[in-house]
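Okay, structure first, notes after.
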Amino acid sequence: MNIVFDDITSETLAELEKTQKQFWNIPRVTGGLINMLIKLMGARHALEIGTSNGYSGIWIAKALKETGGKLTTIEYYEKRQSIAIENFKKCGVLDIVKPLQGDAIEAIRSFPQEEIFDFVFIDANKRQYVEYFNLIKPHLTRKALIIADNITSHSEKVQTFIDAVDLDPEFQYEIIETPGGILTAYRDV
Ligand SMILES: C[S@@+](CC[C@H](N)C(=O)[O-])C[C@H]1O[C@@H](n2cnc3c(N)ncnc32)[C@H](O)[C@@H]1O
């Protein structure tokens, strides 16, 4: 059986899927996979880099509702962030979402030292993936999961990121052939 959401959430996700290309949203299969993994690991401190209109954020936040967690999500464009906030509200998850507007690199740099994440979803500027990875590492819990999208669709742009994960002995990773391709990296220290 596929996941069953309340009617409003199902309708909102279906509506957003009609404009998937315009807002560069993840495919539904990636949303479902992320949702399952968050529940499986019981993640409670999630970070998303690249909110867009909130499609992937809904999948993440719905899982966090079950684990008792919270999502911080970063988007550069104010207009997209406002649409995302409306979508989070509609789906009943805004109370556990902290939307940050601005450049992800600046936002991550401004996190206090004690801000920690056990789940990170990377889906913003492809050439900056490696910087997001390096900046977020000091904020990860000992057992943390990073998922990054567009690994096969934008392989050249994300190569430095793949290399950085590959060279890091703290991470076990696999690339999964979803549409666009995701890299899942498990920090185990
Ligand atoms: C691929 S879309 C995200 C799609 C979203 N994760 C989803 O599946 O619903 C990438 C988003 O990242 C944003 N973005 C790109 N570079 C950014 C940066 N440096 N800081 C913050 N947001 C950025 C873009 O404006 C865009 O909305």
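Since every read-out is calculated from the coordinates, none of them should be taken as a lab result. In this text, all values refer to a predicted model and were calculated from it rather than measured experimentally. Glycine also receives a Cβ, built like all others from the backbone with ideal geometry; neighbour counts cover every protein chain displayed.
Straight-distance candidates among the lysines for linking to K143, with alpha-carbon spacing under 25 Å and chain neighbours fewer than 8 residues away dropped: K39, K62, K65, K70, K98, K126. Remark: C-alpha extents of the chain on the principal axes read 44, 35, 34 Å, sorted largest to smallest.
A convex hull fitted around the alpha carbon atoms of segment 1-93 yields 89 Å³ per residue. Spin-label model, L40/M1: points 7 Å from Cα along the beta carbon direction are separated by 2.0 nm. The slack between K90 and T178, meaning 0.36 nm per residue of separation minus the straight C-alpha distance, is 28.9 nm. Report, in degrees rounded to the nearest 10, the 0 to 90 angle that the Cα long axis of helix 55-67 makes with the longest principal axis of the chain. For helix 55-67, the angle is close to 90 degrees.
For the pair segment 72-121 and segment 1-46, the centres of their Cα atoms are 16 angstrom apart.
Can you pull out the GluC sites (Glu not before Pro) in segment 60-156 whose DSSP state is coil and whose Cβ has at most 11 other Cβ atoms within 10 Å?
E114
Using all pairs of distinct alpha-carbon atoms, the Kirkwood hydrodynamic radius of segment 1-52 works out to 12.5 angstrom. Taking label positions 7 Å along the Cα-Cβ direction at both K143 and E170, the computed distance is 1.7 nm, reported to one decimal. Helix 155-167 sits at what angle to the longest principal axis of the chain, using alpha carbons and giving 0 to 90 degrees rounded to 10? It is inclined by approximately 60 degrees.
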